[in-house]
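Working notes, beginning with the structure itself.
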Amino acid sequence: MYIIGACVALVGIALAAIAVERNLIVIMLAVELIFLASTIAVVGFMSYLQGSAIGAMALLSIWAVASIEIITLVAFYVYMKSRGYSFDVSLLSRLRW
């Protein structure tokens, strides 16, 4: 079950990035990494039970969706940077009730 160990390591890296970083884009990418790690764990468990062909197809489709999400996030970042917005999370304290 090396897949579970790799998924735990990915979640740990993502949680460290969420705890340390103040950039909103990096935090969103870390959350995406957590989603991807949990999906890889589910696909690994599914392929262990039913067969490797189904798990490989599901894993490839999930990676394709995750890469599309990351491309959208980068496009959002470029657009917002060109408009002059800041992505520092500490500046969001102005949004309190």
| In nm, spacing of pseudo-spin labels at Val65 and Tyr79 (7 Å Cα→C-beta vector) | 2.2 nm
| remark: Using the Cα gyration tensor of the chain, the equivalent ellipsoid's semi-axes, largest first and to the nearest Å, work out to 32, 16, 9
| Amide hydrogen neighbours beyond the local backbone of Phe87, cut-off 5 Å, H modeled | none
| field | Within a Gaussian network of the chain (alpha carbon springs, distance under 10 Å), most fluctuating of Val43, Val78, Val26 | value | Val78
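In percent, how large is the relative contact order of the chain, given Cα pairs closer than 8 Å and 6 or more residues apart?
With pairs under 8 Å counted, the relative contact order is 30 percent.
No value in this document is a laboratory result; all are computed from the given coordinates. What you see is a predicted model; the values in this text were computed from it and never measured. Glycine also receives a Cβ, built like all others from the backbone with ideal geometry; neighbour counts cover every protein chain displayed.
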